[in-house]
Each structure stands twice: as C-alpha cells, then as structure tokens.
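Here the structure is laid out as structure tokens; the discussion comes afterwards.
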C-alpha cells in the first residue's frame, strides 16, 4: 500500500505565490539600484561551505554555530549551509588576495539558520549585503549608513539607525574590571540591554559568574543619557585604556562623516549595541522601524570586521572590511503594511472577441513585447466580462480589446482599468500610443 505524503511546509520556510513575489522582486529591484548607485558591484558565492570555514574562530562565533545547519556529504566531508554572506565573502577575498582595493561588492542570496522562528525571523531567508574591503577609515562605515538611509527612504520606510563601536564597549568593560576571559560573554549579555533591561542583564551576568561588585560597576557606565556626542563626552573622561579611547575616537570621526552625508540626525548612539557576532572589531549598526508593533526585528545590520580575512589567509597583513546586510523577508513584512500587493507584472492584457480576432491579437502582442511592453493575451477563449474581471483582479493597468467591429475598422479599444475610460485607436498606431503612455507615467502611478 502506497503511503500518502503529507504536503506541508517546514516551519520557518515559505512558498512565494505571485501575490507576494511580485512585490518582493520590486523591493529587490530597488535594493540593487541603490547598491549600484553607491558603486557596489555584484558577485555570488555558494550556499554550501566547508564546516571549518563556517566554524572558524574568526567567523560567526559559538552563538551563531548553535543555529548553523551542519551536514556531511557522501565523501564524509563536513559541510554547512551559510548563515550569512560575510563569511563566504571573507573566504573569497582570502582566496583572491590581488583584488583591487577598495573592493566594493554586493550579493543577494539565501542564508539558513536553525534558530527561533517568529515574524521577521525564518530558517531560510534572503540576505542583501554590501561590503567595502580595504578601507580602514570610518568613512566606509559612514557610507554604509548613508546607503541604508537612502534605501529605506526609497522604500518609504521611516527608520532610525543605531550605532556603536565594539572597541568602546570592550573599553567600558575593561574599565569596570571585567576579567579578560569574561569580556566576550559579557558583551553578548550587554548587547541584550535594550531588550531585557538592566535587571535582566544583571541576572544573566550572575549566571556567567561575573562578580556582583563588577556588575554594579558595569551598571554605572550604562546610565548616561543624551545625544550622540553628549554620551561620548560623558564617557571620555572615564575611559583610560587604549581600546576604549580608540572606540571613542572612531565614533567621533564617524559622526563627522555622518554630518557630511546629511544623516547625523538620523543616527542614534546605542553604546550597549554589539550585534552578537564575534567577527565585529569596531563600528556596528542596526536599523529599526520607528512605527511600533509592526516589526520588532532589525531591518538591517552590519559593522566592521577587520580580522577575519587575514585569518583566512593566515597573514599578519590587515584586510580592513565593513559591510551592511538587509533582510529581504523582514523588509517585505514591514513594507506590506503600506504597499499594495500585486500578483501580476503585466502592463497590457489583450482580449480577442470573435472568431477572426485571435491572429491579429497574437501579432499585436508580439509587437508590444518587441517594444519592451509586458503583454499577455487571453489563452482560454473566455468572455469579455470574464477577461475584464481577470485583468482587474491581477491589477493589470491597460486592456486592449479587439472585437469584430474593431477588426473591420482596423482599430482597437484601449481601456484604462483605473477609471474604466475607453478610446478607439488605429491598430497601426496602438504600439506607439502604449509606448508613449509608458514614457510619460511611472510604473508606480499605474
């Protein structure tokens, strides 16, 4: 007896029907346009990577490895599904050390994590990354933040950007007396301050054997309020160690560049921010929706990771790198609140009415397509009313009708679906007319 397979999706994965995918591809189109506007060039890397690459101590770290898909192939080689696009990029640059600098690349591709599932967090998700290799200055970090602000403005999303520097965070913990062997794990807990509050941080640090007097000292350093520069000016006299001073200097330099990019007022200093991953060595940043209750997760995140490429090369040479990563799925979830869904990309739908009109409709459809007008025609010989319902349901903006009378008069009827108005146009002029319309109006207005 053949057992029936239960048709279901793995939790945390999704099929994308046209009603969803059309909008997702529109978002991707805008993302690519902005990436290229800032001079980033495309590349691709494999979804599968060697496990020793993904688990390198200078890759994502222990926390992310808990969520990494680990497998073996038929040759008993240990492999993993990439959990982000930064580690594959670092491996690629390490394998191609003669790439010109700065090397600015973008990549859009699927990543995988076996972590908690909630709105905005999935097992399989599309990352859209832009990275700059070869620039030590925080100018590269500022450009990534400017890119983020530009992109979200194009998408119509009102966001705020949060920024910090891992060096400052480390410097604060050193000043507070945190033992060196507890610095990294303490940073992971401090990173949760915004989410769980200081009481939650305090309790978690206790479980990590951080002494109570040091926990109290840490607390005193995270009570400063004010603007970006006001917080730095309050911290500066307290931080005496080299790494902390470097963090403050870099954040001040970053602020200068943010002013030149006209986005300084869009960026907040959240000096508990660490972004979890151990690869980050300096600036880190995230973006969140201002409107509460829609998406709590960050819409993008990134930062500076200056050590990982050199480690892959086993070289002492510095390979400074910074980058930003946008989650398509999270952006889509945020954007559907404001953007209408549309299940078709067709510009013009052609309807033959009568026995003699199919052949000229096919020819006209071909002419429109050769003029780069996205066109389709009725394949099912449906009635006029059913075809109009179909075009309306798919939100196709224009319909061309060729009836018996039109055929004998060498005309077609052009119907604008938005308002239902119609006009008869010479069959020999309709392609030019449609082309003129699309040259004069944007797709968004359609």
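What to note about this one:
- Being under 37 Å from the mean Cα position of the chain (by Cα), closer than 30 Å to residue 111 by Cα and part of a loop (DSSP other than H, G, I, E, B) is a property that residue 342 has.
Yes/no matrix, rows are residues, columns are (1) in contact (Cβ under 8 Å) with a residue 60 or more places away in the chain; (2) touching a helix residue (DSSP H, G or I) at 6+ places or on another chain (Cβ under 6 Å):
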residue	(1), (2)
378	no, yes
386	no, no
404	no, no
408	no, no
420	no, no
424	no, no
427	yes, no
433	no, no
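- The number of residues in the stretch 219-254 that are assigned to a helix (DSSP H, G or I) and surrounded by 14 or more Cβ atoms within 10 Å (Cβ to Cβ) comes to 20.
- Single residue of the stretch 405-421 satisfying the filter (surrounded by 12 or more Cβ atoms within 10 Å (Cβ to Cβ) and assigned to a strand (DSSP E or B)) that is nearest to the chain's Cα centre (by Cα): 416
- A count restricted to the stretch 50-109 and to residues that are assigned to a helix (DSSP H, G or I) and either more than 24 Å from residue 132 (Cα to Cα) or outside the structural domain of residue 121 (by TED's automatic domain parsing) (or both) stands at 5.
- Within the stretch 345-377, being within 37 Å of the chain's Cα centre (by Cα), farther than 30 Å from residue 298 by Cα and outside any helix (DSSP H, G or I) holds for 346, 347, 348, 349, 350, 371, 372, 373, 374, 375, 376, 377.
- Filtered residues of the stretch 150-160 (kept if surrounded by fewer than 20 Cβ atoms within 10 Å (Cβ to Cβ) and assigned to a strand (DSSP E or B)): 160
- Any hit, the stretch 25-37, residues being assigned to a loop (DSSP other than H, G, I, E, B) and either modelled with pLDDT under 90 or surrounded by 13 or more Cβ atoms within 10 Å (Cβ to Cβ) (or both): no
- For the stretch 157-176, the condition holds for no residue, the condition being that it is without any contact (Cβ under 8 Å) to a residue 12 or more places away in the chain and farther than 30 Å from residue 294 by Cβ.
- Any hit, the stretch 228-243, residues being modelled with pLDDT of 90 or more, within 30 Å of residue 92 (Cβ to Cβ) and assigned by TED's automatic domain parsing to the domain that holds residue 163: yes
- Residue check for residue 45: outside any helix (DSSP H, G or I) and either at positive phi or touching a strand residue (DSSP E or B) at 6+ places or on another chain (Cβ under 6 Å) (or both): no
- Of the residues screened, residue 273 is not one that is farther than 20 Å from residue 189 by Cα and touching a strand residue (DSSP E or B) at 6+ places or on another chain (Cβ under 8 Å).
Matching residues to (1) in contact with a helix residue (DSSP H, G or I) (Cβ under 6 Å, 6 or more places away or on another chain); (2) assigned to a helix (DSSP H, G or I); (3) surrounded by fewer than 15 Cβ atoms within 10 Å (Cβ to Cβ); (4) at positive phi:
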position: 128; (1), (2), (3), (4): yes, no, no, no
position: 144; (1), (2), (3), (4): no, yes, no, no
position: 148; (1), (2), (3), (4): no, yes, no, no
position: 164; (1), (2), (3), (4): no, no, no, no
position: 173; (1), (2), (3), (4): yes, yes, no, no
position: 185; (1), (2), (3), (4): no, yes, no, no
position: 194; (1), (2), (3), (4): no, yes, yes, no
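- Criterion violated by residue 83 - all others in (1) touching a residue at least 40 places away in the same chain (Cβ under 8 Å); (2) buried (at least 18 other Cβ atoms within 10 Å of the Cβ); (3) in contact with a helix residue (DSSP H, G or I) (Cβ under 9 Å, 6 or more places away or on another chain) satisfied: (1)
- Residue 72 falls short on exactly one of the conditions (1) under 24 Å from the mean Cα position of the chain (by Cα); (2) more than 23 Å from residue 121 (Cβ to Cβ); (3) exposed (fewer than 15 other Cβ atoms within 10 Å of the Cβ), and that condition is (1).
- Selection status of residue 301, in a strand (DSSP E or B) and out of contact with any helix residue (DSSP H, G or I) (no Cβ under 6 Å at 6 or more places or on another chain): yes
- Scope the stretch 236-259; condition closer than 23 Å to residue 160 by Cα and in contact (Cβ under 8 Å) with a residue 24 or more places away in the chain; matching residues: 247, 248, 250, 251, 253, 254, 255, 257, 258
The values are calculated or read from the model by the stated rules, or taken from the named source; none is laboratory data. Since the model is a prediction, treat every value here as computed from it, not as a measurement. So basically every Cβ, Gly included, is an ideal-geometry build from the backbone, and we count neighbours across all protein chains shown.
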